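The values are calculated or read from the model by the stated rules, or taken from the named source; none is laboratory data. Just so you know, these numbers come straight off a predicted model, no measurement behind them. So basically every Cβ, Gly included, is an ideal-geometry build from the backbone, and we count neighbours across all protein chains shown.
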Amino acid sequence: MVRVDVDPSGVLTPAQLGEGMTALSALSPDVGATVVDVDLAAMPPGRRQVEVLLAGDDADHLERVAVELCASVFGALGAQPTAGVLTYVSRGTDHDALGVLAGFGLTGEIEREDGPEWDVVRVTLRKSDLERIPESRVHTALEASLNCEVHIITV
């Protein structure tokens with residue numbers, strides 16, 4: 001999910017913000033996105049953010065697509081949208097695990113084993129990759145996104 005501040009300077013009127021949200025929701029499927037409905041007019045300037053849901057693991061690409069989408073709508077109304085925070089939304093799949101790794105700039109192999117109470121996921125990473133990112137950060141992020149037991153194996 002990419003958050004985009006669609007009106008950082010607060011120049012748009014409530015009517016323009018509503019019109020923009022309607023247009024944004026209509027255009028989002030064209031780029032494979034979903035926009036979370038929000039009342040932008042109720043938000044103070046500087047916090048008028050939309051949440052754009054996009055699938056993928058290339059953070060720069062996702063951010064660019066979301067900002068360009070918002071700029072095509074809100075830019076035409078006089079605002080200059082800017083990127084906000086990127087958050088990964090997980091469904092607990094192996095693809096999600098690969099996305100978490102990509103978010104850290106890592107690649108690895110994922111193996112899943114069905115357990116009696118919960119799945120166990122083994123993630124194989126290079127030792128050299130973990131020299132720049134603490135294993136505990138990667139482990140915590142993987143457990144949170146997968147909602148299962150994670151074992152990190154280094155090679």
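Figures for the structure shown
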quantity	calculated
Residue list for segment 42-76, restricted to those being within 13 Å of Pro8 (Cβ to Cβ) and either in contact (Cβ under 8 Å) with a residue 60 or more places away in the chain or surrounded by 15 or more Cβ atoms within 10 Å (Cβ to Cβ) (or both)	Met43, Arg48, Gln49, Val50, Val67, Cys70, Ala71, Phe74, Gly75
Every residue from segment 9-46 that is within 18 Å of the chain's Cα centre (by Cα) and in a loop (DSSP other than H, G, I, E, B)	Gly32, Val36, Asp37, Val38
Members of segment 117-130 found to be of a type in the set (D, E, K, R), modelled with pLDDT of 90 or more and over 14 Å from Ala102 (Cα atoms), listed by number	Arg122, Lys127
Residue match in segment 105-116 (condition: at pLDDT below 95, among the small types (Gly, Ala, Ser) and surrounded by 12 or more Cβ atoms within 10 Å (Cβ to Cβ))	yes
Residues located in segment 47-88, provided they are closer than 14 Å to Asp7 by Cα, under 20 Å from the mean Cα position of the chain (by Cα) and aromatic (Phe, Trp, Tyr)	none
Every pair of residues 6+ apart whose Cβ atoms lie under 9 Å, when the first sits in segment 95-113 and is aromatic (Phe, Trp, Tyr) while the second is buried (at least 19 other Cβ atoms within 10 Å of the Cβ)	Phe104/Val138; Phe104/Ala141
Set Val50, Val67: member being at pLDDT 95 or above and part of a strand (DSSP E or B)	Val50
Enumeration of residues in segment 89-103 that are surrounded by 15 or more Cβ atoms within 10 Å (Cβ to Cβ) and under 13 Å from the mean Cα position of the chain (by Cα)	Ser90, Asp96, Gly99, Val100, Ala102, Gly103
